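Student: Can you keep this structure in mind? I'll have questions shortly.
The values are calculated or read from the model by the stated rules, or taken from the named source; none is laboratory data. These numbers come from a predicted model, not from an experiment. Reconstructed Cβ throughout: ideal geometry from the backbone, glycine too, with neighbour counts over all protein chains shown.
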Amino acid sequence: MNLRDVYAIHVPRKERRRVGRGWGSGIGKTSGRGEKGAGRRSGTAFRLRFEGGQMPLYRRLPKKGFSNDAFRLRFEAVNVGSLDALFDAGATVDIETLRAARLVPKHATLWKLLGDGELKKALTIKADAASAGARDKVGKAGGTLEVAAGDAKTRLEAVALRRDALAKKRGLEIEKYKADAAKTVKPKKGATAGKAKAEKGAKPEKGERPQKPSGGGKPGAEGGKPAGEAKASGEAKPPAPGKAAGEAKGGGEGKREGGKPPKKDQG
């Protein structure tokens, strides 16, 4: 064997990149490393998402809420139409047979039967979950469907119970809210006005004064004033201080009817 025979085999070999060969190499003077700095030296390695010391993107973005994506159940979906095309009547279908038929990946651990397609063969199916349509089609074809017991089945049942409990709790809260709203709603104005009239009684007619209770709520005689305090009829008021007796009301000399004082005699 000669060396040329080795090259004649045409084995694909990728040529390595020759760095540090100047401008003629097509890479440039610095071989793609730039001028000075950490990336220019040998042995430099940056961690994932390192942005040169500035605040990285995953720290600049806001964080809110939570996610259960890491704990969710991941099912590989298989339709009844695929089973009808690949398996014979009376066959047993489980995760191992599905891997052998390449209907699910090799790393798959859970699978779910869906009802797309037609199933005309009676099959014995052992699945981790199944839809309602798939159950009906398997039963009509004369086959049997068994949901395998395990962590997936337990978690699915727990999720269904939790969903029912939340729906029931929500219904009770809505009923309570409606009852509280019915208590706080104010009645219409017409109903309240009629009720108030019935409690207070009929109003007096126009032009009539309502009768007051005797005594006016004050102690004493029936007239409303205490005995001995009523002024005698015809009693004159005492004259005001600083005024003459003739200027007082009811005196002999006072103002005339016109409102002007009397003239004085000259002489």
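Student: Among the residues of segment 116-147, how many are more than 15 Å from LEU86 (Cβ to Cβ), β-branched (Val, Ile, Thr) and part of a strand (DSSP E or B)?
Tutor: 2
Student: Let me ask you something else. Looking at LEU119, LEU113, can you tell me which residue is over 19 Å from ARG74 (Cα atoms), surrounded by 12 or more Cβ atoms within 10 Å (Cβ to Cβ) and assigned by TED's automatic domain parsing to the domain that holds GLU76? Before you say what the answer is, go through the steps one by one.
Tutor: Working: LEU113 fails: over 19 Å from ARG74 (Cα atoms).
Criteria check complete, one pass: LEU119.
Student: Also: Does TYR7 satisfy being at pLDDT 90 or above and in a helix (DSSP H, G or I)?
Tutor: no
Student: Mind checking which pairs have a first residue in segment 49-77 that is within 18 Å of HIS107 (Cα to Cα) and a second that is among the basic types (Lys, Arg), Cβ under 7 Å, 6 or more apart or different chains?
Tutor: LEU73/ARG155; PHE75/LYS112; ALA77/LYS112
Student: Please find, among ALA77, ALA89, ALA85, the residue that is closer than 30 Å to GLY117 by Cβ, in a loop (DSSP other than H, G, I, E, B) and assigned by TED's automatic domain parsing to the domain that holds GLY115.
Tutor: Numbers: ALA77 fails: in a loop (DSSP other than H, G, I, E, B); ALA85 fails: in a loop (DSSP other than H, G, I, E, B).
Within the list ALA77, ALA89, ALA85, the selection yields ALA89.
Student: If you scan segment 71-85, which residues turn out to be under 38 Å from the mean Cα position of the chain (by Cα) and surrounded by fewer than 17 Cβ atoms within 10 Å (Cβ to Cβ)?
Tutor: Listed by number, the residues that qualify are PHE71, ARG72, LEU73, ARG74, ALA77.
Student: Working only within segment 142-163, note down all residues that are closer than 21 Å to LEU103 by Cα and either buried (at least 17 other Cβ atoms within 10 Å of the Cβ) or of a type outside the set (S, T, N, Q) (or both).
Tutor: Across segment 142-163, the qualifying residues are GLY143, LEU145, GLU146, VAL147, ALA148, ALA152.
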